[in-house]
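Visitor: This is the structure I have questions about; it appears just below.
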Amino acid sequence: MNVEINNSEYKILIVDDVLSNVLLLKILLSNEKFQISTAMGGKEALEKIQEDLPDLILLDVMMPDVDGFEVTRTLRSMPEPFCDISIIFLTALNGTPEIVKGFQTGANDFISKPFSKEELIIRVKHQISLIAATRIIVQQTEALRASIYSRDKMYSVIAHDLRSPMGSIKMMLNMLVLTTDKEALGSEMYEMLSLANKTTEETFSLLDNLLKWTKSQTGRLNVVYQQTEMVSLTDGVLQIFEKLAEVKQVELKTDVPETCDVYADRDMLKSVLRNLLSNAVKFSKPNGTITIRIKDNVPEEDGKVVVCVEDNGLGMSEEAQKKLLKIETHFSTFGTNNEEGSGLGLLLCQDFVHRNGGRLWFKSKEGVGTTFYFSIPKH
């Protein structure tokens, strides 16, 4: 990172018990336009550091009151920003044990006495460049954090404010599709009504996922664990998709026990099932079949219930499977009737399942179909 540095913006504290050393260092660094302050010993240095925080300390090791090692240990045990001050030791101790001790106590660099002007300036400027780079990184991180917060807030507001009216439109269109006589309306108008209904369903699903994803990523979505009967919950979600599957000529089947209890967030489980069923319908061909299975006592998932959503639709290529469920490579594709998606659904499923103590995985073969599995603890 190339950082343009204005030396006059940086404060250096020179600490030495020998006045001639202090004056020499002050002259050399003042000529480089740094702000300079001085302290005649470790005790005075610790007082001055708290009065006027320096960016860098040139610290003599051998001092009679409080030596450089002790000053460094004290600083590193203090809260921010004191513990982060860069320190260069000035020492006549050139042995390996002393150098190791210096770095162990928290020194950033060493300059051996007697030192050359060139070495001093280079080492000081190197530390200042690191300090400048760190400040830029901190500033950019804060700016990025603020940008992400604003973006997530915007997403949340948009999704929340649109979700309610879109839900009402969805319900009205569902009712119209169910009660309208196709012959009386005409095939062309009925097709337009069905298309409007499908588009509204997809938009509502996107808004719902967007709202939940934003809340999840910003830590505003709490998990409410409760004992839940999985079979009845699955039946309730299936009812939502009966009409959609019927329109697409896809059969919905179940292979479930009479009853099966899990301990999880009920709303999150519904979201997971809705998204997995939506995808299964999306990628199923006419006359296809979608089967929901609930399995207990699966050896690989001890103490958990496994739910499967299996379709015999398009399936996925091996290359696509490698990218799926990874946030940096996750993707969305069109369904068999050109249904669109945001790509958020499966990521949301994975997040919700993990939050409830389970895991999400899948098996797929191109042209044969896909099965998604998720496990949920029983207790």
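The values are calculated or read from the model by the stated rules, or taken from the named source; none is laboratory data. Here the structure is a predicted model, which is why all the values come from computation and not from measurement. A quick note on method: Cβ atoms are made from the backbone with ideal geometry, for glycine too, and the neighbour counts reach across all protein chains shown.
Visitor: Which one of these is within 29 Å of residue 198 (Cβ to Cβ), acidic (Asp, Glu) and at pLDDT 85 or above: 311, 261, 296?
Guide: Going through 311, 261, 296 in turn, just one is within 29 Å of residue 198 (Cβ to Cβ), acidic (Asp, Glu) and at pLDDT 85 or above: 311.
Visitor: Let me ask something else about it. For residue 319, which of the numbered conditions (1) modelled with pLDDT under 90; (2) under 14 Å from residue 230 (Cβ atoms) fails to hold?
Guide: Condition not satisfied by residue 319: (2).
For every residue, the table says whether it meets (1) within 28 Å of residue 133 (Cα to Cα); (2) hydrophobic (A, V, I, L, M, F, W, C).
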| position | (1), (2) |
| --- | --- |
| 25 | yes, yes |
| 34 | yes, yes |
| 39 | yes, yes |
| 65 | no, no |
| 68 | yes, no |
| 103 | yes, yes |
| 112 | yes, no |
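Visitor: Same structure again: Considering 212, 295, 304, 285, which residue is closer than 28 Å to residue 200 by Cα and assigned by TED's automatic domain parsing to the domain that holds residue 361?
Guide: Only one candidate qualifies: 285.
Visitor: Could you look through the stretch 1-39, keep only residues that are part of a loop (DSSP other than H, G, I, E, B) and touching a strand residue (DSSP E or B) at 6+ places or on another chain (Cβ under 8 Å), and pick out the one that is nearest to residue 75 (Cα to Cα)?
Guide: Looking at the filtered set, the residue picked out is 16.
Visitor: Residue 252 versus (1) surrounded by fewer than 17 Cβ atoms within 10 Å (Cβ to Cβ); (2) modelled with pLDDT of 90 or more; (3) among the aliphatic types (A, V, I, L, M): which is the lone unmet condition?
Guide: If we test residue 252 against (1) surrounded by fewer than 17 Cβ atoms within 10 Å (Cβ to Cβ); (2) modelled with pLDDT of 90 or more; (3) among the aliphatic types (A, V, I, L, M), just (1) comes out false.
Visitor: While we're looking at this one, here's another question. Return the residues of the stretch 90-109 that are touching a residue at least 12 places away in the same chain (Cβ under 8 Å), within 39 Å of the chain's Cα centre (by Cα) and closer than 18 Å to residue 127 by Cβ; say none if nothing qualifies.
Guide: 102, 105, 106, 107, 108, 109
Visitor: Filter the stretch 24-44 for residues that are touching a Ser or Thr at 6+ places or on another chain (Cβ under 9 Å) and crowded, with 18+ Cβ neighbours inside 10 Å and give the result.
Guide: Those that are touching a Ser or Thr at 6+ places or on another chain (Cβ under 9 Å) and crowded, with 18+ Cβ neighbours inside 10 Å: 25, 34, 36, 42.
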